[in-house]
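The values are calculated or read from the model by the stated rules, or taken from the named source; none is laboratory data. The model shown is predicted, which means the values in this text are computed figures rather than measured ones. So basically every Cβ, Gly included, is an ideal-geometry build from the backbone, and we count neighbours across all protein chains shown. Calculation scope for accessible area: heavy atoms of the full protein, side chains included, ligands and nucleic acids excluded. Shrake-Rupley method; radii C 1.70, N 1.55, O 1.52, S 1.80 Å.
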Amino acid sequence: MSESQGPLPAAPGVGTTLESLITTGMRGAPGATGELSSLLNAIALAVRIIHTKVRAAGLAGMLGYTGETNVQGEEVQKLDVLANDILVAVLEKSAKCSLVASEELENAKALSPSGKYVVAFDPLDGSSNIDVNISIGTIFCVLRATDGFVQPGTKIVAAGYSVYGSATTLVLSTGQGVHGFTLDPGVGEFFLSQPNIRCPEKGSIYSVNEGNYARWDERVKKWAHWIKSEDKAQGLPYGHRYVGSLVADAHRTLLKGGIFAYPADKKSPEGKLRLLYEANPVAYIFEQAGGAATNGQSRILDIQPKALHDRTPLVIGSKRDVEAFRQFAVGER
Ligand code: P6P
């Protein structure tokens, strides 16, 4: 080694991969048989594949990626349908999943009869935002096959979401806390980047589509007025952030605290977001991280679904901020 080169850099530390954390983590889980680890690693593989398609869509966007034909005259599949097909194919190959439910499928689809788990997912939430390069994501939860889908979220055994943003991150919980992983596209691995994520007790950001104001219940309007009023003692006004992509708004709220709300309104009297594969997985993550998740008044995870594609109002965030929303929603304030 010549003088001019100077000392070689220290041997690079190798981070913790998602696969190793899932596998070691599962060893400690009661009754773990390795089947859940294998299933979660399959979901992570699907997310990596979807990542490559989403990243390529920017280019394909010039060739038409929204189900139009590209310059070669090829029918280009819509990204959310493609993401759905990737998840179904990878889960089928894992042989660990007996049934899938998806925003893209009208009915549940049977995969492996011997699979011990069922998986519900929104394969590409917010896909309408990709043509303006806003973060989108995949949201999923895992339940035991014996329980099936039409169960309260308290039956969830694992849940998470990915964000295809400036980086591709995967946030995951198997009931022992929440961990964030970042994809190193050069290596093709998710590395642990945010261990033991905790949602702050209280925040200073509120996230809601103010464009729906005229359609809200009077009590929700009263909350919206309160949170942007001036009151230093209560830390008001809160700042306003709204991306319009659930995974992006939820991820920021999880890390920074505050509140995200999609209340029911005159246009969406049941709420807009889906219970099984949007609200429940996100609610599971927030509760595991010490946050809260309600429909404005009661716990999301306690809701008994009636059907696969039920909708629900969704209020997630810091415990104290979600409680303040509840007090307005029930008329206590
Ligand atoms: P709005 C995206 O279309 C989505 O399903 C969620 O990702 C997002 O939180 C919500 O809808 C945004 O809805 O009515 O504010 O555009």
Highest mean first, what order results for 306-313, 158-165, 81-88 on Cβ atoms within 10 Å? 158-165, 81-88, 306-313
Taking amide H positions as placed in the peptide plane 1.01 Å from N, state which residues far from Glu189 in sequence (5 or more) or on other chains have amide H under 5 Å from it. Asp184
Cβ crowding within 10 Å averaged over residues, with 281-292, 110-121 ranked highest first: 281-292, 110-121
Report Val132's accessible area, 1.4 Å probe, all protein chains in place, as a number in Å² to the nearest 10. 90 Å²
The simple spin-label model distance between Lys256 and Thr16, using points 7 Å out along Cα→Cβ, in nm, is 2.7 nm
Positive dipole terminus of the chain, leading residue within Ser20, Phe328, Asn129 (C-beta point charges): Phe328
Semi-axes a, b, c in Å (a largest) for the chain, each sqrt of 5 times a Cα gyration tensor eigenvalue, come to 32, 25, 23
Using the Karplus curve 6.51 cos²θ - 1.76 cosθ + 1.60 with θ = phi - 60°, work out ³J(HN,Hα) for each residue of the range 114-129 in order, rounded to whole Hz, and write x for Gly and Pro. 8, x, 8, 10, 10, 10, 10, 8, 9, x, 8, 6, x, 4, 5, 8
Expected 222 nm ellipticity per residue - DSSP helices of 4 or more, -39500 (n - 2.57), all of the chain, to 500: -9500 deg cm²/dmol
Using a Cα-Cα cut-off of under 25 Å, which lysines could be cross-linked to Lys96, ignoring same-chain neighbours fewer than 8 residues away? Lys53, Lys109, Lys116, Lys155
Distance between the range 162-217 and the range 231-286 - C-alpha centres, whole angstrom: 12 Å
What does the charge count near Glu104 come to, summing +1 for each Lys or Arg and -1 for each Asp or Glu among other residues with Cβ under 14 Å from its Cβ? -4
Top mean-square fluctuation among Lys256, Lys155, Lys266, Gaussian network model of the chain, C-alpha springs under 10 Å? Lys266
Mind checking which lysines have their C-alpha under 23 Å from Lys256, skipping anything on the same chain fewer than 8 residues away? Lys202, Lys228, Lys232, Lys319
Per DSSP, loop GluC sites (Glu not before Pro) in the range 161-218 with at most 14 further Cβ within 10 Å: Glu201
Projected onto the charge dipole of the chain (+1 at Lys/Arg Cβ, -1 at Asp/Glu Cβ, origin at the Cα centre), which of Gly177, Ile227, Phe149 gives the Cα projection farthest towards the positive end? Ile227
What is the local net charge at Thr253, summed over the other residues whose Cβ is closer than 14 Å to its Cβ (Lys, Arg +1; Asp, Glu -1)? +3
Note down the relative contact order for the chain as a percent, whole number, built from C-alpha pairs under 8 angstrom at least six residues apart. 15 percent
Excluding Val88 itself, what net charge comes from residues whose Cβ is under 12 Å from its Cβ, given Lys and Arg +1 and Asp and Glu -1? -1
